[in-house]
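A.B. asks: Dropping a structure here in structure tokens format, bear with me for questions.
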Amino acid sequence: MVFDISVAVTWLLFLALFPMAFIWLRRSWRILVKRDFSEVALKGGEPPPNAERWAPYELIINFLAGGIAAFLIFGVVLGVLNYDTWTAIAGSTIWCKLFASFALGRHAHSASAPRKT
């Protein structure tokens with residue numbers, strides 16, 4: 001048996017979907033139900049002073065990314081999605097979630113910063 005790096009990376013991507021989906025859906029649950037805004041629009045590990053204002057945006061970002069990841073897990077396990085489709089969707093979802101959360105964190109913290117005159 002020859003070790004094929006592409007098979008290892010594929011398995012790594014598929015197995016990484018499980019904790020990502022769990023964490024993203026748990027964050028949206030905390031924001032929506034528990035009203036916990038401690039992980040909203042983080043910058044340097046700290047939420048902005050007015051985190052409740054940015055919570056709906058963070059909720060949407062996390063819920064969409066977690067929902068897509070869960071859909072991909074079920075699609076792969078049930079054999080509905082082929083390899084090219086689920087890997088493209090998974091990669092795009094991960095990157096879009098990272099960029100959207102980063103942008104939201106920077107925007108939320110810059111909006112609360114005092115203005116220089």
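Read the figures in this text as sums done on the coordinates, not as results from a lab. Note that the structure is a prediction, hence the values are computed from the model and not measured. Here the Cβ positions follow ideal geometry from the backbone for every residue, glycine too, while neighbour counts run over all protein chains shown.
A.B. asks: Quick one: length gained pulling residue 78 to residue 98 fully straight, 0.36 nm per residue minus the C-alpha distance?
C.D. replies: Working: separation 20, 0.36 × 20 = 7.20 nm, distance 2.73 nm.
Gain on extension, residue 78 to residue 98, equals 4.5 nm.
A.B. asks: What is the distance, in nm, between label points placed 7 Å from the Cα along the Cα-to-Cβ direction at residue 8 and at residue 35?
C.D. replies: Rounded to a tenth, the inter-label distance reads 5.0 nm.
A.B. asks: Under a straight-distance cross-link criterion of Cα-Cα below 17 Å, which lysines are reachable from residue 43, leaving out those fewer than 8 residues away in the same chain?
C.D. replies: 97
A.B. asks: I'd like the projected area of segment 49-113, averaged over all directions, using the convex hull of its alpha carbons. Report it in nm² with one decimal.
C.D. replies: Numbers: hull surface 17.6 nm².
Seen from a random direction, the Cα hull of segment 49-113 projects 4.4 nm² on average.
A.B. asks: Using a 10 Å cut-off on Cβ atoms, rank the peptides 23-35, 75-87, 4-16 from the highest mean neighbour count down.
C.D. replies: On the way: 23-35: 15.9, 75-87: 12.7, 4-16: 10.8.
Ranking, from highest mean packing down: 23-35, 75-87, 4-16.
A.B. asks: Using the Karplus curve 6.51 cos²θ - 1.76 cosθ + 1.60 with θ = phi - 60°, work out ³J(HN,Hα) for each residue of segment 85-100 in order, rounded to whole Hz, and write x for Gly and Pro.
C.D. replies: Couplings: 5, 6, 5, 5, 5, 4, x, 5, 5, 4, 5, 5, 5, 4, 5, 5 Hz.
A.B. asks: While we're here: When averaged across all projection directions, what area in nm² does the alpha-carbon convex hull of the chain cover?
C.D. replies: Details: hull surface 37.7 nm².
Approximately 9.4 nm², given one-decimal rounding.
A.B. asks: Tally Lys and Arg at +1 and Asp and Glu at -1 over the other residues with C-beta under 11 Å from the C-beta of residue 66: what net charge comes out?
C.D. replies: On the way: positive: 26, 27, 97; negative: none.
Neighbourhood net charge equals +3.
A.B. asks: Taking only Cα atoms, what is the 0 to 90° angle, nearest 10, from helix 51-78's long axis to the longest principal axis of the chain?
C.D. replies: 10 degrees
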